[in-house]
Each structure stands twice: as structure tokens, then as C-alpha cells.
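See structure below.
The values are calculated or read from the model by the stated rules, or taken from the named source; none is laboratory data. Please read these numbers as outputs of a predicted model, since none were measured by experiment. Using ideal geometry, Cβ is built from the backbone for each residue, glycine included, and neighbour counts are taken over all protein chains shown. Calculation scope for accessible area: heavy atoms of the full protein, side chains included, ligands and nucleic acids excluded. Shrake-Rupley method; radii C 1.70, N 1.55, O 1.52, S 1.80 Å.
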Amino acid sequence: MPTHARDRLLDTAERLFYAEGIRAVGVERILAESGVGRASLYRHFPGKDDLVLAVLRRRDADWRHWLADAVDASGAGPADRPLAVFDALAERFARADFRGCAFINTIVEAADPDSPAHRVADEHKRAVTAYLEKVLVSAGHRDRDLAEQFTLLVDGALVTALRERSPRAAGRARAIAAALLAAATPDAG
């Protein structure tokens, strides 16, 4: 079943890339662990770079969907939804398989801003900023700078949680976000 082979390749590559890094994982390892043959790999992906991009695009959609669902499920009202982002992150950081942000990791590994993987990771970060802006607008804040500040807090919390191996960074970022919101003047209508 071609679709199943493609899914197995994506699942295996995503797991390995996230756990060990894109450069550290070769095609042979992905083939061995997925149980997919080389011909099938190249039928779905012309090369490893194409597989990397497909993994990143799928992870982007999954991660942003997870974040929106977690914020929605928090039960927070519009004014508290921006802070619910950090509560969701704390849960994510507490997972045993947490290895930081796959997109920050990719930007570090593919440091050339013109590389396709770097561009996809950058697109993810821009999409997260757009989501944060939407959440902030629903809370009455229309300042684009505030969304970018929240993105900085999210990224800083992601890296710090990985470094410290603890979800506490989300709580510290949440406290800073609360101070930013308290200092910001919501739009009047």
C-alpha cells in the first residue's frame, strides 16, 4: 500500500529527526526502521531533503493544530487565552519525549536562510506568530509587536525547557506574558 509506506516513512523520519537531528539520521536508518524499501522511498520522495520538508510541513500543521486545540480546551475566556498558550506549553514540556522545538532545531541545523528546510521552519514561526496575534486580538490587543513579543517568549521557553529539562520555563514565560498584557492597553472596541 503506497499510502501506508509514505506514512511509515514520515512517521519514522519525524521520530528520528526530532530525537537525534536531521543530519544525524541517514536514509538507510529510516528505511531499516520504517520497513519501507528504497524504491518506495524514492517513489514518494526524490531525496532525503524532500522527506525532511514533508516531515516539517506535517509537523507544522500538527503542532499548530495541537496548540489551538489545547488553548480552546483550556476553557479560558478571550482575555485569558493568551496566557493559556503557556499552560499548554508546560504540558508539552513535561512529556518524556520533549526535545525542544523541531523548527528551532531545524533552523540551527540548516542555518543557511536560503535552504528549503530553514524556510519551512521560518514559515512555521511566522504562522505561530499569526496565531498568537489572533489570540491577542480576541483578547482586545491589536499591537503586532505584542504578538512578536509572545513569540519570543514561546521560543525562549522552548529552548529553556530543553536546557533545564523542566516545564518550569513555561510558567516563567507566562508570568512575563501576564506583565506584558497588564502593561498593554486593550483596544476599546
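Only one of ALA130, ALA139 is touching a Pro at 6+ places or on another chain (Cβ under 9 Å) and over 26 Å from ASP97 (Cβ atoms); which? Quick ask: steps written out before the conclusion?
Numbers: ALA130 fails: touching a Pro at 6+ places or on another chain (Cβ under 9 Å).
Checking each option against the conditions leaves just ALA139.
Give the residue that is modelled with the lowest pLDDT, with candidates limited to residues of the range 90-130 that are surrounded by 14 or more Cβ atoms within 10 Å (Cβ to Cβ) and assigned to a loop (DSSP other than H, G, I, E, B).
ALA110
Taking the condition surrounded by 15 or more Cβ atoms within 10 Å (Cβ to Cβ) and over 22 Å from the mean Cα position of the chain (by Cα), does GLU14 pass?
Judged against the criteria, GLU14 is not a match.
The conditions are (1) of a type in the set (Asp, Glu); (2) open to solvent by 70 Å² or more (accessible area, probe 1.4 Å); (3) closer than 18 Å to PRO167 by Cβ, and ASP87 fails exactly one of them. Which is it?
(2)
Quick check on the range 25-45. Is at least one of its residues closer than 27 Å to VAL128 by Cβ, surrounded by 13 or more Cβ atoms within 10 Å (Cβ to Cβ) and acidic (Asp, Glu)?
No, the range 25-45 contains no residue that is closer than 27 Å to VAL128 by Cβ, surrounded by 13 or more Cβ atoms within 10 Å (Cβ to Cβ) and acidic (Asp, Glu).
Inspect the range 138-145 for any residue being acidic (Asp, Glu) and at pLDDT 95 or above and give the result as yes or no. Before the answer, list the steps.
Of the range 138-145, the ones acidic (Asp, Glu) are 143, 145.
Keeping just the survivors that are at pLDDT 95 or above gives none.
So far as the range 138-145 goes, no, none of its residues is acidic (Asp, Glu) and at pLDDT 95 or above.
Inside the range 135-173, can you point out the residues that are open to solvent by less than 80 Å² (accessible area, probe 1.4 Å) and either of a type in the set (D, E, K, R) or touching a His at 6+ places or on another chain (Cβ under 7 Å) (or both)?
ASP155, GLU164
List the residue pairs whose Cβ atoms are under 7 Å apart, where the first residue sits in the range 94-106 and is touching a residue at least 40 places away in the same chain (Cβ under 8 Å) and within 20 Å of LEU51 (Cβ to Cβ), the second is open to solvent by less than 80 Å² (accessible area, probe 1.4 Å) and not in a helix (DSSP H, G or I), and the two are 6 or more positions apart or on different chains.
Correct list of pairs: ASN105/GLY21; THR106/ILE22.
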